[in-house]
1. Any residue at all in the range B:143-150 that's buried (at least 22 other Cβ atoms within 10 Å of the Cβ) and more than 30 Å from B:TYR13 (Cα to Cα)?
2. Which ranges mark the helices (runs of 4 or more DSSP H) fully within the range B:89-199 that have 2 or more residues being among the aliphatic types (A, V, I, L, M) and free of Cβ contacts under 8 Å to residues at least 12 places away in the same chain?
3. Can you tell me which residue in the range A:307-360 is farthest from A:ALA84 (Cα to Cα), limited to those that are in a helix (DSSP H, G or I) and among the basic types (Lys, Arg)?
4. Do the conditions hold for B:SER244, that is, is it small (Gly, Ala, Ser) and closer than 20 Å to B:THR109 by Cα?
5. What number of residues in the range B:70-128 are over 30 Å from B:VAL217 (Cβ atoms) and within 14 Å of chain A (Cβ to nearest Cβ)?
6. Checking the conditions here, which among A:VAL298, A:VAL318, A:VAL308, A:VAL324 is exposed (fewer than 15 other Cβ atoms within 10 Å of the Cβ), farther than 30 Å from A:LYS62 by Cα and of a type in the set (A, V, I, L, M, F, W, C)?
7. May I ask you to list the residues in the range A:251-302 that are touching a strand residue (DSSP E or B) at 6+ places or on another chain (Cβ under 8 Å), on the phi < 0 side of the Ramachandran plot and among the polar types (S, T, N, Q)?
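The values are calculated or read from the model by the stated rules, or taken from the named source; none is laboratory data. Computed from a predicted model, the values in this text were never measured in an experiment. Here the Cβ positions follow ideal geometry from the backbone for every residue, glycine too, while neighbour counts run over all protein chains shown.
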Amino acid sequence: MVPTLLNQPGPFRKVSISQMLLSFYQSRIQSHKIPKVSRQAYNVPRMNEKTSTGIWAQGLEKRFGDNQVVQSLDLDIDEGSVYALLGPNGAGKTTTLRMLAGLIEPSAGRAVVAGVEVVHHERELSVLHRRIGLLTETPGMWDRLSARYNLIVHARLHNLADPDGAVETALRLVGLWNRRLEVVAKLSKGMRQRLAIARAILHEPPVVFLDEPTSALDPEAAADVRELIEQLRGEGRTVLLCTHNLDEAERLADQIGVFRQRLLASGSVEELRRAAFSPEVVFRFRSPDDPAAHAPSVRALPGVEDVVASNGSLTIGVQNPNDVLPRLTRALIEDGAELLFVGERVRSLEEVYLHVLEAE
Amino acid sequence: MYLKQSSGRWSWYRVGVVCRKEWSEIYHNRRVLLSTVLLPLILVVIGTSGQWGVSLMSSADFVNEPPPSLGVGRFEGLDVREQFQASLALQFLTLFLLIPLLIPISTATYSVVGEKRDRTLEPLLASPLRTEELLVGKAVASLTPGLLVAVTAYVVYAGLSSLVIDNARVFSYVLGPIPLLVMGVLAPLLGLLGVGLALLISSRSTDPRAAEQITSVLVLPLMGVFVAQVLGLVQIAPWSVVVSAVVLAVVDALLFVVATHVFKRGEILTRWR
């Protein structure tokens, strides 16, 4: 049941009894999946935001002088999910990440990350930073110091009960335990990146921000990092991922946001596909059968929007593939078509991404 | 992972972590390490040689009208040679102040610009470390090696000078109330001034050498005091040390206030480039 929140003006909002019960339930049983409530629609922060491990932002903006870098950003990322922020260079992804991580003060809007409101007071930020892990665009390691000491410093800053044990676990996780005593300057680019990931997850934060986590890695190391991100999700951590790698985003992310100064589109890959393109079905014909000759037989059928013949196949825009596909197939066979392949056309994320950007 | 309880309050423990990290970096940075050792070594050698050279002379070796740099006439009850030794001791005391000023400037600029160049600040700022803790950690880490080296070098210089200075009153200008006041009070305050300015200037610079050179302009007033001493225009006395200390303490406090206003988290990330 979706609770009803009364959007009253002023600081006080009425909350129904069912909501209070729901809030209590959510705060007690974190792992339990509860139907998502669109808080943006109601302009109301999450009831259990103090115990949540997700990411929520409303009207987040950043201006540097006259330059508007991030514009009215609303985000609602479920705990334990992976959200990929896609966008061209200079789109404001890193600035967004820095705002959510409490490193840059937003010009407007508010955010709650890992149950902590992002407020720019040193004391509150210190608390927030214990609950987040950040992988920056560049690894940012102290080159003259050993891999282990780099992590030890951060383990101590996080006041971990057993810094040595935490560092060992993190280094083993990213496969650098055997290189722990080497100075970072001697490590390869990929190793430094893995070390930076180890630093980000050293204190096992509930929310992890990853800015281009596989950009400097070879395919094998990138696969390891992807596996690690899967593992983080499996452990119930929320991951916000900034990436240019569309394949990576498609494979890892539960939700994807296409971003250029503002959020142009957001949803699962499937939702984005449906929003960007009408469903299409494809019929491939055996040569020398001419697809164009069969086009009139399907054009008039109900549910058909558009028919294009090219390269030995017919691509037909439809309203609902499940309803229309059997009828189309029957009509074409009755028309004497010799079919090699019948199926729904699946648009790549790249096509969707470019379409969303071009539409702006 | 078990995290100890923390309310995000100021933590000296985190300041200590930053300090130790900074010292490790200084230890592994040959250029900074060399600059830490070279200047004190030169001053010890020149200072001791100067006192030794004067000790070999007799009062009769001095000309009838000695130049003001010899300090003759300023120390009653001492013969000409002893007056020259006492004057030399006070002049070297001023030069030894270069150590707590220059070494912290060098270490602080490399510490800040190095972080900017290697982009290591962002992960540090994303940790529970507070900005003030970071700055205090860096300041203390930059200040202490310079002070330690200055005191050590001065003790070595005083020890060697004791072998060539016979008169206890003359030696009190090497190791007595004035030198103790200068090295104990003036040196740390000068060091703080150097660190504060180095941190401020480094925050606007991407080249450590440029930042170091700009900050090193601070040496000029000190050299001015040295030249004035040589010309016989000023003489280090307890009252002048106390006045200088009060002025420096006020300037250091103002610098701290400016630094805490300038070093905001967002500023550091967006402007420290």
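1. Looking for residues that are buried (at least 22 other Cβ atoms within 10 Å of the Cβ) and more than 30 Å from B:TYR13 (Cα to Cα), one finds none in the range B:143-150, hence no.
2. Ranges flagged: B:131-162.
3. Ranking the qualifying residues of the range A:307-360, first place goes to A:ARG330.
4. Numbers: small (Gly, Ala, Ser): yes; closer than 20 Å to B:THR109 by Cα: no.
When the stated conditions are applied, B:SER244 does not pass them.
5. Count: 5.
6. On inspection, the qualifying residue turns out to be A:VAL308.
7. Matches in the range A:251-302: A:GLN255, A:SER266, A:SER268, A:SER278.
Conditions (1) in contact with a helix residue (DSSP H, G or I) (Cβ under 8 Å, 6 or more places away or on another chain); (2) farther than 30 Å from B:ALA126 by Cα; (3) surrounded by 16 or more Cβ atoms within 10 Å (Cβ to Cβ); (4) away from chain A (no Cβ under 14 Å), marked per residue:
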| residue | (1), (2), (3), (4) |
| --- | --- |
| B:SER205 | yes, no, yes, yes |
| B:GLN229 | yes, yes, yes, yes |
| B:GLY232 | yes, yes, yes, yes |
| B:ILE236 | yes, yes, yes, yes |
| B:VAL250 | no, yes, no, yes |
| B:GLU267 | no, no, no, no |
